[in-house]
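Scroll down for the structure; my scribbles are underneath it.
The values are calculated or read from the model by the stated rules, or taken from the named source; none is laboratory data. None of these values were measured; they are calculated from a predicted model. A quick note on method: Cβ atoms are made from the backbone with ideal geometry, for glycine too, and the neighbour counts reach across all protein chains shown.
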Amino acid sequence: MNRFYKESSKYPSFKVRGISGTNLNYGSISGYEHNSELTGSRWVTEAEEMLRTDAIVQRSWHMLKQTLLSASWRFVAGLEGNKQSEELADFMNEAYGFDGYSGQMLCSFEEQLGYLLEFVPIGYRYAEELYRVGPDSKGRVRVWLKEYADREPSAHSDWVSLNGSTLDAVTQTQTNFYQRPEPIPSEKLLLLTLNKTGANWEGVGRLRSCWWWWRQKQRISNLMCVAVDRWAIPTPKVTVDRSMGEQQGLTDSDIDAMIDDAEEQIQSFISAEQQYLVENPVISFDSYSVDPNLQSGGPLAIITECDNQISQAFLAQFANLGVSDTGARSVGEIHMSLFRRSAINYADIITSSINGVDRPGGGTVGRLIKWNFGAVDPSLLPKLTHSGLDNDDLAESLGMIPGLIQSGAVTPDDTLERDIRDKLGLQELSLDRSVDERETASVYSSAQALTEQILRRRDEKS
């Protein structure tokens with residue numbers, strides 16, 4: 001042990017001694033999920049069912065997804081001011097259709113995000129990079145990214161790793177008779193994983209923490225609907241007086257036929273085919289429960305809590321404000337701020353996967369730059385960035401600006417005025433004004449408004 005310590009402290013050890021800790025058995029990841037019904041393709045099927053059938057699950061994911069899709073994307077130079085780095089960034093913007101370019105892909109990057117973002121609810125998703133050769137805007141022949149071809153998790157079969165920690169390829173199941181999929185090398189993949197640890201490329205999706213609440217909500221909703229069918233209206237009851245039938249000389253067969261006729265009347269009445277019931281001295285109609293016996297308060301309260309837990313899993317609980325006990329605007333603003341921050345982190349996962357050097361499951365930028373410009377210093381590689389998801393501090397502070405100006409904490413200079421007018425969509429002022437001129441104009445506007453109000457009242461009295 002002492003020899004190892006001295007040796008490792010003096011020289012770097014390049015030998016890999018540990019393992020990732022992930023159980024990879026014949027291409028399947030195990031050891032993380034203890035519910036066997038929520039592993040592999042069965043979890044994908046369950047997650048897709050949740051998204052298709054539950055309104056709160058769909059709403060929560062829809063809010064997060066539409067927020068992510070509202071972001072703006074652009075490549076920037078890895079080293080600002082470096083001519084080569086800026087040229088590489090311009091090439092990537094042309095490839096993806098950013099910064100004024102129409103793009104070299106079959107469809108826009110934003111459209112492809114529609115399915116790439118699906119890694120958030122399930123936990124992972126990968127796309128196969130397809131390429132093509134064609135001229136750029138200056139006529140030079142380049143290798144372009146044709147598209148990120150979506151590969152649905154429902155068709156996933158095995159994770160291929162030769163050393164148990166590095167992804168080498170993925171295989172898919174054959175979903176049709178005419179096309180047999182081949183193994184996809186990891187250097188041809190864009191792999192997006194949420195909450196990845198070790199070699200767990202499947203991660204943990206947002207829907208996993210919702211599953212138990214979704215399942216209980218389904219069960220309680222079904223039971224409540226059964227109770228509605230059974231107890232919302234009184235249950236019809238047939239009363240038979242056989243002694244009266246015997247007094248009238250009716251046989252048992254006659255009475256049985258009258259009972260069958262009464263049953264048919266009740267069935268027609270319940271199905272709304274008949275609006276009345278015909279009684280006789282032998283057969284009369286009654287109800288099993290005169291008053292409706294449906295207590296839905298308890299089940300609805302449990303369903304509401306299930307909805308609340310599902311919304312919290314996506315940090316979208318602010319959507320429940322107004323339909324819950326809390327409706328304060330300040331609470332909603334805090335929740336919204338946290339929601340947008342989480343959206344930024346999800347967008348960062350996409351940028352980190354696309355950026356960087358050529359590597360298994362990522363590094364699209366490094367691959368395209370290598371094929372078109374040769375070996376390049378990694379510090380010069382372009383970086384995909386996003387904007388538009390940050391909280392707008394100016395917009396949130398507009399209501400406090402008059403008080404801040406009055407207290408002297410903020411000076412109403414030209415920069416502040418331009419920013420506010422830009423937020424309001426107003427044209428920029430052609431002339432700059434000093435602080436005194438701006439304050440004078442404000443006082444004059446207030447005095448003028450007061451004068452006009454006094455004159456208006458005087459005219460109304462006269």
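Of note:
- Among the residues of the range 174-201, those that are more than 18 Å from GLY123 (Cα to Cα) and of a type in the set (A, V, I, L, M, F, W, C) comprise PHE177, ILE184.
To keep it simple, each residue is scored yes or no on (1) crowded, with 17+ Cβ neighbours inside 10 Å; (2) at pLDDT 70 or above.
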{"position": "ASP348", "(1), (2)": "no, yes"}
{"position": "SER353", "(1), (2)": "yes, yes"}
{"position": "GLY366", "(1), (2)": "yes, yes"}
{"position": "TRP371", "(1), (2)": "no, yes"}
{"position": "GLY374", "(1), (2)": "no, yes"}
{"position": "SER379", "(1), (2)": "no, yes"}
{"position": "HIS386", "(1), (2)": "yes, yes"}
{"position": "GLY399", "(1), (2)": "no, no"}
{"position": "THR411", "(1), (2)": "no, yes"}
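- Hits in the range 351-388 (condition: touching a residue at least 12 places away in the same chain (Cβ under 8 Å), of a type outside the set (Gly, Ala, Ser) and not in a helix (DSSP H, G or I)): ASN355, VAL357, ASP358, ARG359, PRO360, VAL376, LEU381, PRO382, LYS383, LEU384, THR385, HIS386
- Counted residues, the range 237-263 - those being out of contact with any strand residue (DSSP E or B) (no Cβ under 9 Å at 6 or more places or on another chain) and outside any helix (DSSP H, G or I): 4
- Of all residues in the range 208-222, none satisfies being touching a Phe, Trp or Tyr at 6+ places or on another chain (Cβ under 7 Å) and not small (Gly, Ala, Ser).
- In the range 107-145, residue nearest to PRO181 (Cα to Cα) [restricted to those that are surrounded by fewer than 16 Cβ atoms within 10 Å (Cβ to Cβ) and of a type in the set (Lys, Arg)]: ARG132
- Residue within the range 164-185 that is among the basic types (Lys, Arg) and surrounded by 20 or more Cβ atoms within 10 Å (Cβ to Cβ) present: no
- Number of residues in the range 366-384 that are in contact with a strand residue (DSSP E or B) (Cβ under 9 Å, 6 or more places away or on another chain) and under 12 Å from MET92 (Cα atoms) equals 7.
- Residues in the range 302-330 that are hydrophobic (A, V, I, L, M, F, W, C) and modelled with pLDDT of 90 or more: ILE302, ILE303, CYS306, ILE310.
- Residue count for the range 20-77, restricted to those that are within 20 Å of the chain's Cα centre (by Cα), assigned to a loop (DSSP other than H, G, I, E, B) and of a type outside the set (A, V, I, L, M, F, W, C): 2
- So GLY198, is it touching a residue at least 60 places away in the same chain (Cβ under 8 Å), surrounded by 11 or more Cβ atoms within 10 Å (Cβ to Cβ), touching a strand residue (DSSP E or B) at 6+ places or on another chain (Cβ under 6 Å) and not aromatic (Phe, Trp, Tyr): no
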